[in-house]
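Visitor: To start, I am sharing the structure in question, which I have written as structure tokens.
Since every read-out is calculated from the coordinates, none of them should be taken as a lab result. Just so you know, these numbers come straight off a predicted model, no measurement behind them. With ideal geometry, Cβ positions are generated from the backbone for all residues, glycine too; neighbour counts draw on all protein chains shown.
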Amino acid sequence: MRRQHIGWVAGAAAAVLVAGGAITYAVAEETGSAETKTPGAESADAGFARDMAVHHQQAVEMSYIVRDRTKDEEVRRLAYDIAQTQANQRGMLLGWLDLWGLPKVSAEPPMTWMGMGGMASGKDGALMPGMATNTDLKKLQTLSGKQAEVFYLQLMTDHHKGGIHMAEGCVAKCTVGVEKRLAQGMVDAQQSEIELMAGMLKERGAQPRS
């Protein structure tokens, strides 16, 4: 059952990679139509694209760290799938900002587009909910084997929970239909991965941190 689940995740990652160009093209068509205005710099569409690009980048970084810290094929396969999927989605998000002619950074705090600009202090590098701190990342780099696997799965579970919260915010507030659909896809996929990681933690005699 676990092997089938990871196979599904890998298949989903491949599908995202193939669909990336089509989604970007669809956004170009949608925002270029008479019915849809290009989002503004302070819109939820732009805010989500900026913030989720940063959020995704850390997931990619953590995934490549753990691939070097364990030989466990199940964890390495999951980490690779997460890294590939989120790197591709990050490229799409940044590409949309270019398409809309909007800046990739904002003077406003992260999550402002959700009305939660003060939710994360940014202390020790954790700029948004669910993000690992710089201390967490340094610790992950010092661990190996089962300890690295458990800590990565715990960090990524927290990371996905924060990502789901943000993606749900886009589903509720974004105006570009293709972006809303991508956000909903993130919610569904990351919830599935949270369940998968809970099982992987249990097999290792551990559980999520929260």
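Visitor: Can you spot the lysines whose alpha carbon is less than 21 Å from Lys37's alpha carbon? Ignore those fewer than 8 places along the same chain.
Guide: Candidates past the 8-residue exclusion: Lys104, Lys173, Lys180.
Visitor: What is the extension gain from Met116 to Lys139, computed as 0.36 nm multiplied by their sequence separation minus the C-alpha to C-alpha distance, in nm to one decimal?
Guide: 5.4 nm
Visitor: If you plug each phi of region 61-71 into the Karplus form 6.51 cos²θ - 1.76 cosθ + 1.60 with θ = phi - 60°, what whole-Hz ³J(HN,Hα) values come out, in order, with x for Gly and Pro?
Guide: Listing the rounded values in order: 4, 4, 5, 6, 4, 5, 5, 8, 10, 8, 9 Hz.
Visitor: Name the lysines eligible as straight-distance cross-link partners of Lys202: C-alpha to C-alpha under 16 Å, and not fewer than 8 places from it in the same chain.
Guide: Lys146
Visitor: Right, here's the next one. Which peptide among 83-92, 42-51 comes first, and what is the full order, when sorted by highest mean count of other Cβ atoms within 10 Å? Mind showing how you got there, number by number?
Guide: Numbers: 83-92: 20.6, 42-51: 23.3.
Result, highest mean first: 42-51, 83-92.
Visitor: A further question on this structure: Can you order the peptides 127-140, 57-70 by their average number of other Cβ atoms within 10 Å per residue, highest first?
Guide: Details: 127-140: 17.6, 57-70: 19.4.
Ranking, from highest mean packing down: 57-70, 127-140.
Visitor: When the C-alpha atoms of region 41-117 are aligned to their principal axes, what extent does each axis show, in angstrom, from largest down?
Guide: For region 41-117, the Cα extents along the three principal axes come out at 44, 26, 15 Å.
Visitor: Follow-up. Rounded if a/c is under 1.5, else prolate if a/b is larger than b/c, else oblate: which is region 56-193, with a ≥ b ≥ c the root eigenvalues of its Cα gyration tensor?
Guide: Values: a/c = 2.03, a/b = 1.57, b/c = 1.30.
Because a/c hits 1.5 or more and a/b exceeds b/c, region 56-193 counts as prolate.
Visitor: How much length is gained if the chain between Lys161 and Asp124 is pulled fully straight, taking 0.36 nm per residue apart and subtracting their Cα-Cα distance, in nm to one decimal?
Guide: Working: separation 37, 0.36 × 37 = 13.32 nm, distance 1.92 nm.
Taking 0.36 nm per residue and subtracting the Cα distance, the gain is 11.4 nm.
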